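Taking it in order: structure first as structure tokens, then the write-up.
The values are calculated or read from the model by the stated rules, or taken from the named source; none is laboratory data. Source: prediction; values computed, not measured. We place every Cβ from the backbone using ideal geometry, glycine too, and count neighbours over all the protein chains shown. We work out accessible area using only protein heavy atoms, side chains counted, and drop any ligands, DNA or RNA first. Shrake-Rupley method; radii C 1.70, N 1.55, O 1.52, S 1.80 Å.
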Amino acid sequence: MTASPPERTGRHNLDPHLARYAARTAGMTASEIRALFAVASRPEVVSLAGGMPNLAALPLDTLSTQIAELIAEDGLVALQYGSAHGIPVLREQICDIMALEGISAHPDDVVVTVGSQMGLDMVTRLFCDPGDVVLAEGPSYVGALGSFAAYQAQVVHVAMDDDGLQPEALRAALDHVAKAGRRAKFLYTIPNFHNPAGVTLAVARRAEILEICRSHGVLVVEDNPYGLLGFNGQTYPALRSTDPDNVVYLGSFSKTFASGLRVGWVLAPHAVREKLVLAAESATLCPPTLNQLIVSRYLSTHDWKGQIKTFRENYRERRDAIISALEQYLPAGCSWTYPDGGFYVWVTVPEGVDTKAMLPRAVTARVAYASGTGFYADGLGSRQMRLSYCYPTPERIKEGVRRLAGVLESEMDLVRTFGNVNMRPISGPENPSPDTA
């Protein structure tokens, strides 16, 4: 007996597993620009797109010696399974680091993660059911938007200005959500040297933001990977330092030490901490012990504060280079933020120019950036772009902006001649990659 051939429907499904996927995978979409960055990574292209830290300032010779000693002395521990909670000595050191921002914490309430992205994913998994509302600044970090979409949460953006999140806009967003008969689960915010906007939440606004959230029963998720990278050496008080019972704090060594080690942490209220440990066990069983011990030994044997000072000086030089180049080259009608720390400048281009549609032409001109639409959940951002100054040299930054200005001039000529002809569907958040992190 021979088997009957499959029924022909006239359509060929490229993914035979399509009908098996969970409904939440509908929110998991690949970045539309990821393929472009395979081209953008070529050495002749100046990439102002990816938020990659500049690791050239690290003492690699010293680190290689310390890592070899670590394996020789503690290899049986370093290469073994560990606790989902994280090794105790590193959690103690993390508390010392957070104390620089006014945070008083107990090591038991710190959960070490595989990068702060894992912490953000776990927090979203713990608090969000499908259809729940998450408040987030507009624009917001693309990796956060990807996590929210993966768990089928609805993002409501809250406007910012040069002083960060606007309290009146937060109140309006909460009222809008309440009138719709819904409840916001938490506010996700990057208060210091924002990704992608580059702005910092004014100290005068911080207590007000916390009071608004507390009075509405809304948790605050504070994502702070750049907090120690202020160019004037300033350290702002963490939101967590003012309201420890209602703030979950996310931290990372990716921007202040080594991103490839993927070591971050979550500081949470005690009851939340217990659930985070369970979530970590189900996600990774435990964070890599070797990586944690490398970070811990670095903190205990190296002048890590001096290293952060070196990073700040390097990034400040690059910030100055990109601001100078923007002022020199960009055409009239463009505007941008002026960051006092971190990695990013947020640029707004003239009406009619679509930065997402322009990106392939920019890559052809050997310059790359991150288009603004990836940083909104609702399709906004077509007139914005994020420029990252953290990785290229000042000379490459200047050349990249010069190339970008030429592409912008051509786009503006087309708009003046033909009008705005870019008609594209609204897209949602994209999954993060090193190109948009």
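General observations
- Here the range 264-339 has 51 percent of its accessible surface on carbon and sulfur atoms, given a 1.4 Å probe and all protein chains in place.
- For the chain, the relative contact order comes to 25 percent (Cα pairs under 8 Å, sequence separation of at least 6).
- With DNA, RNA and ligands ignored, accessible area of Arg297 (1.4 Å probe; Å², nearest 10): 50 Å²
- Here Arg183 and Asp15 are evaluated by their C-beta separation; at R0 = 51 Å the FRET efficiency comes out at 0.90.
- Taking amide H positions as modeled 1.01 Å from N, with prolines and chain starts lacking one, the residues under 5 Å from Val46 and 5 or more places away or on another chain are Val367, Ala368.
- Measuring with a 1.4 angstrom probe and ignoring ligands and nucleic acids, Ser116 comes out at about 20 Å² accessible.
- Residue-normalised accessible area of the chain, given per residue in Å² at a 1.4 Å probe: 44 Å²
- Span from the the range 232-257 Cα centroid across to the the range 330-352 one, whole angstrom: 26 Å
- Considering only Ala268, Ala173, Ala72, the Gaussian network model of the chain with Cα springs below 10 Å gives its largest mean-square fluctuation to Ala72.
- Normalising the average separation of contacting C-alpha pairs (under 8 angstrom, six or more residues apart) by the number of residues puts the relative contact order of the range 90-165 at 25 percent.
- Helix-only [θ]222 nm of the chain, DSSP H runs n ≥ 4, -39500 (n - 2.57) each, per residue, nearest 500: -13000 deg cm²/dmol
- Pairs of Cα atoms farther than 12 Å apart, the range 219-259, %: 61 percent
- Max mean-square fluctuation residue, GNM over the chain, Cα-Cα springs under 10 Å, options Ala271, Ala136, Ala365: Ala271
- DSSP assigns beta bridges within the range 42-197; of those with both partners inside it, close to 15 percent run antiparallel.
- His106 paired with Asp413, simple spin-label distance in nm, labels 7 Å along Cα-to-beta-carbon: 6.7 nm
- Beta bridge orientation in the range 149-302: antiparallel %, DSSP, nearest 5: 45 percent
- With only the Cα atoms considered, the range 190-321 has a convex hull volume of 133 Å³ per residue.
- Greater than 32 Å apart at Cα, pairs in Lys185/Lys309; Lys305/Lys398; Lys356/Lys398; Lys275/Lys309; Lys305/Lys356; Lys255/Lys356: Lys185/Lys309; Lys275/Lys309; Lys305/Lys356
- When DSSP beta bridges are restricted to pairs lying wholly in the chain, around 50% turn out antiparallel.
- Under Karplus coefficients 6.51, -1.76 and 1.60, residue-wise ³J(HN,Hα) of the range 115-124 in Hz, glycine/proline x: x, 5, 4, 5, x, 5, 4, 5, 4, 5
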